[in-house]
Amino acid sequence: MALMRYYLDYNSTHPVLPEVYSKLATINGIDANSSSQHSRGKSALKKINQTTEFLKNFFHCDFDVIYHSGATEFLNTVFSPQNCDQLIYSQCDHSAVHKIAEFRRSLALDSLKLGHLSSQKDWLKELNKFNQSGFKSWFNFQWMNNETGEVLSYELIDKIKSQTNCLVHVDAVQVVGKIKNFQNLPPNADIITFSGHKFGALKGVGFSFINPSIKLKPLIHGGGQQNSMRSGTMNLHGILSLQAALESRDFNQDFIEGEKLKREICQLIQKNSKLEFIQSSSSNTICFMHESLNSDAMLTHFDLAGLDVGTGSACTSGSLSPSQTLEAMGYQNGAKRNIRLSLGPSNWEHQSEILIKLEKVLDKI
Ligand SMILES: Cc1ncc(COP(=O)(O)O)c(C=O)c1O
């Protein structure tokens, strides 16, 4: 009999929801180029405009909406040399931000790396020394951390905005369905960015809310779509999948079931004295470290048991590198000995099977 597999890697990607495929099938016949002037093209554009209105209502936000291929593209847009004189970010930010900072350094452009914002003292002072008036400075605020599930309070944004002249980009990629009230966006943010594949839409599509007073220069030039802010034929299916996914999810249930399963998993982890887990307020993420086994060795145990789990630090091409987030939090050794379980809707009806498998693996390691 084939081994039953369970997917516990939702922070890496949320498999496309079946409801999304069904809803996309209904647009067969209007899937023209949304820039075309014939009626099919106009119907396609109308569908995109309806999705834009839906997103604004869903997130209670009246900012402009820009569609793109996902957060990586838009981080590159906002922090490009033409839009950003100074980049301020945290060591706990996604690897895309680190790579952008590296690229900026190669061009001799300013970037300031802060540590773990919740524990590093005086980072606002450090930021103030760096942040010069007359410069366009962007602060990257990662709302929920992809590796640990830590959620930053968005009062920090108020502090940054009241004490510095930074603009704030909120990386909201991980929050959908994993924190309470994720639909209430940080009120003082200048740009807020999401990736569809983290909540069940198609991969390769994302969107950002942009305060209309912010005038960004495009990263991608071409046919002038989206008011020339992001050229290229619009990804009709991808964009419509955003609405389809958000409408199909029961976020209340996801939050309650996630918290319940997370609590039980944490109890199992606590039974093994070689393991330490990191507290976090997301409902779905459990990150733990082993006192001696490295992530690779642990992954093998989970994989053989039929559990698809992540390490959190291996977003790119499967390579395992020490977790910058855990290092910033002071876990120098734990940074190579961590496992991340990230829960999602397909887990709710298999909670007991998952717990049985997990208990067996956690007993072995
Ligand atoms: C917090 C966070 N920001 C940004 C990204 C990049 O998103 P994408 O791969 O959709 O471009 C990810 C992806 O894992 C993420 O978790």
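A few remarks follow.
- Remark: Met144, Met4 ranked as Met4, Met144, counting other beta-carbon atoms within 10 Å and listing the fewest first.
- Point-to-point label distance, Asn57-Ser36, nm (Cα→Cβ direction, 7 Å offset): 2.9
- Each Lys and Arg Cβ is given +1 and each Asp and Glu Cβ -1; about its Cα centre, the chain then shows a dipole of about 600 debye.
- Share of pairwise Cα separations in segment 18-248, more than 30 Å, in percent: 25
- For segment 1-131, alpha-carbon Rg and Dmax in angstrom: 21.1, 63
- Remark: relative contact order (the chain) = 23 percent; criterion is Cα-Cα distance under 8 angstrom and separation of 6 or more residues.
- Local net charge near Cys266, Cβ-Cβ under 14 Å (Lys/Arg +1, Asp/Glu -1): +1
- Taking the DSSP beta bridges with both ends in segment 18-248, the antiparallel portion is around 40 percent.
- A straight Cα-to-Cα reach below 17 Å connects Lys271 with the aspartates and glutamates Glu291, Glu359, Asp363, residues fewer than 8 places away in its own chain not being considered.
- Cross-link check: pairs Lys260/Lys360; Lys262/Lys364; Lys23/Lys198; Lys99/Lys178 evaluated at a Cα-Cα cut-off of 24 Å; pairs beyond the cut-off: Lys99/Lys178.
- Ordering Asp62, Asp171 from the fewest to the most neighbouring beta carbons within 10 Å gives Asp62, Asp171.
- Within-13-Å neighbourhood charge of Val205 [Cβ basis; K, R +1; D, E -1]: +2
- Ranking of Tyr67, Tyr154 by count of other Cβ atoms within 10 Å, fewest first: Tyr154, Tyr67
- In the chain, taking the dipole from charged Cβ atoms about the Cα centre, the farthest positive-side position among Phe207, Leu117, Gln37 is held by Gln37.
- For Lys113, the aspartates and glutamates whose Cα comes closer than 14 Å to its Cα, not counting residues fewer than 8 places off in the same chain, are Asp93, Glu102, Asp122, Glu126, Glu327.
None of the figures in this text is laboratory data; all of them are computed from the coordinates on show. All values reported here derive from a predicted model rather than from experimental measurement. As a convention, Cβ positions derive from the backbone with ideal geometry for all residues, glycine included, and neighbour counts pool all protein chains shown.
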